[in-house]
1. Counting each DSSP H run of 4 or more residues in the chain as -39500 (n - 2.57), what helix-only mean residue ellipticity at 222 nm follows after dividing by all residues, to the nearest 500 deg cm²/dmol?
2. Starting from the stretch 65-140, pick out the GluC sites (Glu not before Pro) whose DSSP state is loop and whose Cβ has at most 10 other Cβ atoms within 10 Å.
3. What is the stretch 3-162's relative contact order, in percent, from Cα pairs under 8 angstrom and six or more apart in sequence?
4. Which percent, nearest 5, of DSSP beta bridges in the stretch 3-162 are antiparallel?
5. With labels modelled as points extended 7 Å from the Cα through the Cβ direction, what inter-label distance (nm, one decimal) is found for Gln41 paired with Leu126?
6. Give the span of the chain's Cα atoms along each principal axis, as three whole-Å numbers ordered largest to smallest.
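Only the coordinates and a few stated rules stand behind these numbers; no lab work does. Nothing here was measured: the structure is a model prediction, and the numbers come from that model. Glycine gets a Cβ as well: all are built from the backbone with ideal geometry, and neighbour counts include every protein chain shown.
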Amino acid sequence: MNNIIITGFMATGKTITGRLLADKLNYKFIDTDQQIERVTQKSIPEIFALDGEAEFRRLEKLLLHWLIHYDNAVISIGGGMIVDPKNLANLKKIGKIICLECTPEIILSRIKNETHRPLLHCHNPLQKIKTLLSARQPYYKQADYDIDTSNLSVDEVVNNMLKWLKPFLIKPSGNKK
């Protein structure tokens, strides 16, 4: 197995579970949003406000071309990266995709006091979450595995991932890759 890609809507636990999974597997952890912020020297809200969502999506695509060269990494991607069909195809080439899901109400409860979620700066964030989830659902369904994190602890989510990943992580004897 090359990489493990974690996708899903915001506040489903991609970064926290990805970091813990990488630690348990002794893999490198990469968060695409954090990488974009590091390279651009701007926060995600700044990019959205100053350059627009289209520019952010362009930066995600550029970053993905860089990620293709990685092996043995857990990669937490932004919730909208998988919506681009070319991104989805490239993600499938570089590893197994796990989608984290959560109810809209729990997502809202997790982010209600956060200010760094530019897509939810609106009058009715719950409705916006539902609308975005509905639009992204066909893409999230193309993941290799999904986990509903609504009522699970971080450890439970990671253990669920490890259980599912186990057959992919075991190398057959005699394989000298």
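1. -16500 deg cm²/dmol
2. Hits after loop and neighbour filter: Glu114.
3. The value is 36 percent.
4. Restricted to the stretch 3-162, the bridges split so that about 0 percent are antiparallel.
5. Inter-label distance under the simple model: 4.3 nm.
6. Each principal axis gives a Cα extent; for the chain these are 58, 34, 27 Å.
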